[in-house]
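Asks: For reference, the structure I am asking about is given below.
The values are calculated or read from the model by the stated rules, or taken from the named source; none is laboratory data. Only a predicted model underlies this, so the values are computations on that prediction, with no experimental measurement involved. So basically every Cβ, Gly included, is an ideal-geometry build from the backbone, and we count neighbours across all protein chains shown. To get the accessible areas, we keep the full protein, side chains included, count just its heavy atoms, and leave off ligands, DNA and RNA. Shrake-Rupley method; radii C 1.70, N 1.55, O 1.52, S 1.80 Å.
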Amino acid sequence: FTFSAGENIPYPPFQRNPLLWRMKRSVNDAADGITTTTPLAKRALIHERTDHKKISVVPNCIDTEQFAPDENPDAQGLSLPDDFESTTNVLFVHRLCEQKGVPDLIRAWESVNYDLTDCRLVLLGENALGDRQRRVVKETDSIIWIEHVPYQRMPDLYNLCDVGVLPSVSMPNNEEQFGMAVLEAMSCGLPTVVTDVGGLPFVAQEGETSFVVPERMPSELAGALRKLLTDAELRERYGENGRDRACNRFSTARVTDELRGFYEELSG
């Protein structure tokens, strides 16, 4: 009996029920093996008094052939301005909401765009922002909101942009578990900016593929974005490192081997 655990907060507040705790403890004790996608999720299980020996970290994977650098991406049908490729572009991919740090990103962008007028911010996802943030997004010429892009076109969008960003924040019942959008961006050769929340620092590497900044600090977020937007050599180096990390650590083949090894060890 095995299962994969997705939580990275031990006993989150919505689970503060003694009966539920006993049920979780019973299931965890009964399992022969458990996989998690990050070391943080493994630590959460250990805090819930699960035997560390039965927990293996097997991360999410990425198709590095589908998500790959492309010098000639297709912009047709992506709802982008005609002159989009003439600017340096930052891409956010996820639901537009507080948990993903979008209000902080908008405040950071106001600072960045004050100094750098040849840059754009692309927000891709369902818009769940409040009225004020919606108004700022609508009225700011350098911000482009796109509600949906077909998944098979996502590599084109990543390759049309220059920097990926995911500034998630901690919530009472949830933290960013992994950050697939960050991994997709890295696999396409983009440098990234993320916050030190949940599994993001595991996927990205501070000083190698990414800037990892404190959560809920728009000034730090703005500083990291500004460094990447003004330094093409830094973008290139971080982007190449991100591509290498995606291929060497998170490729489908690599993760498949790890998962196969997990089951073979249990059944051996």
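Asks: Anything in region 5-26 that is open to solvent by 40 Å² or more (accessible area, probe 1.4 Å) and not in a loop (DSSP other than H, G, I, E, B)? List them, or say none.
Replies: Pro13, Phe14, Pro18, Leu19, Leu20, Trp21, Arg22, Met23, Arg25, Ser26
Asks: Out of region 213-268, which residues are assigned to a helix (DSSP H, G or I), among the small types (Gly, Ala, Ser) and touching a residue at least 24 places away in the same chain (Cβ under 8 Å)? First the steps, then the outcome.
Replies: Looking only at region 213-268, we keep the residues that are assigned to a helix (DSSP H, G or I), and these are 218-229, 232-249, 252-267.
Now narrow it down to the ones that are among the small types (Gly, Ala, Ser): 219, 222-224, 232, 239, 242, 246, 253, 261, 267.
Ser219, Ala222, Ala224, Gly239, Gly242, Ala246 - these are the residues of region 213-268 that are assigned to a helix (DSSP H, G or I), among the small types (Gly, Ala, Ser) and touching a residue at least 24 places away in the same chain (Cβ under 8 Å).
Asks: Looking at region 43-72 only, could you name the residues that are within 30 Å of Asp115 (Cα to Cα) and under 22 Å from the mean Cα position of the chain (by Cα)?
Replies: Those that are within 30 Å of Asp115 (Cα to Cα) and under 22 Å from the mean Cα position of the chain (by Cα): Pro69, Asp70.
Asks: Could you say which residue among Val102, Val58 is at pLDDT 95 or above and open to solvent by 10 Å² or more (accessible area, probe 1.4 Å)? Talk me through it step by step, then tell me what you get.
Replies: Values: Val102 fails: open to solvent by 10 Å² or more (accessible area, probe 1.4 Å).
The conditions single out Val58.
Asks: Could you say which residue among Val203, Val169 is under 13 Å from the mean Cα position of the chain (by Cα), touching a residue at least 40 places away in the same chain (Cβ under 8 Å), closer than 21 Å to Ser251 by Cβ and open to solvent by less than 10 Å² (accessible area, probe 1.4 Å)?
Replies: Step by step, each of Val203, Val169 is checked, and only Val203 is under 13 Å from the mean Cα position of the chain (by Cα), touching a residue at least 40 places away in the same chain (Cβ under 8 Å), closer than 21 Å to Ser251 by Cβ and open to solvent by less than 10 Å² (accessible area, probe 1.4 Å).
Asks: Sticking with this one: Run Ser267 past the list (1) open to solvent by less than 10 Å² (accessible area, probe 1.4 Å); (2) at pLDDT below 95 and report the number of the one that doesn't hold.
Replies: In the conditions (1) open to solvent by less than 10 Å² (accessible area, probe 1.4 Å); (2) at pLDDT below 95, Ser267 misses (1) alone.
Asks: So which residues in region 137-151 are part of a helix (DSSP H, G or I) and buried (at least 18 other Cβ atoms within 10 Å of the Cβ), if there are any at all?
Replies: Val137
Asks: Additional query: If a residue must be part of a helix (DSSP H, G or I), of a type in the set (D, E, K, R) and within 19 Å of Ala222 (Cβ to Cβ), how many such residues does region 108-136 contain?
Replies: 3
Asks: Right, something else. Mind listing whichever residues of region 209-241 are under 17 Å from Ala108 (Cβ atoms), small (Gly, Ala, Ser) and crowded, with 20+ Cβ neighbours inside 10 Å?
Replies: Matches in region 209-241: Ser210, Ala222, Ala224.
Asks: Hey, Ile46 hits all of (1) among the aliphatic types (A, V, I, L, M); (2) open to solvent by 70 Å² or more (accessible area, probe 1.4 Å); (3) closer than 22 Å to Cys188 by Cα but one; which does it fall short on?
Replies: Among (1) among the aliphatic types (A, V, I, L, M); (2) open to solvent by 70 Å² or more (accessible area, probe 1.4 Å); (3) closer than 22 Å to Cys188 by Cα, the lone unmet condition for Ile46 is (3).
Asks: Kindly provide the set of residues from region 108-133 that are of a type in the set (Phe, Trp, Tyr) and free of Cβ contacts under 8 Å to residues at least 12 places away in the same chain, ordered by number.
Replies: Across region 108-133, the qualifying residue is only Tyr114.
Asks: When you scan region 80-94, do you find a residue that is assigned to a helix (DSSP H, G or I), out of contact with any Ser or Thr (no Cβ under 8 Å at 6 or more places or on another chain) and open to solvent by less than 20 Å² (accessible area, probe 1.4 Å), even just one?
Replies: Yes: one or more hits.
Asks: Test each condition in (1) in a helix (DSSP H, G or I); (2) more than 20 Å from Met154 (Cβ to Cβ); (3) touching a residue at least 40 places away in the same chain (Cβ under 8 Å); (4) not basic (Lys, Arg) for Leu105 and report the one that comes out false.
Replies: Among (1) in a helix (DSSP H, G or I); (2) more than 20 Å from Met154 (Cβ to Cβ); (3) touching a residue at least 40 places away in the same chain (Cβ under 8 Å); (4) not basic (Lys, Arg), Leu105 violates only (2).
Asks: Can you report the number of residues in region 164-181 which are of a type in the set (D, E, K, R) and more than 18 Å from Pro59 (Cβ to Cβ)?
Replies: Residues meeting the conditions: 0.
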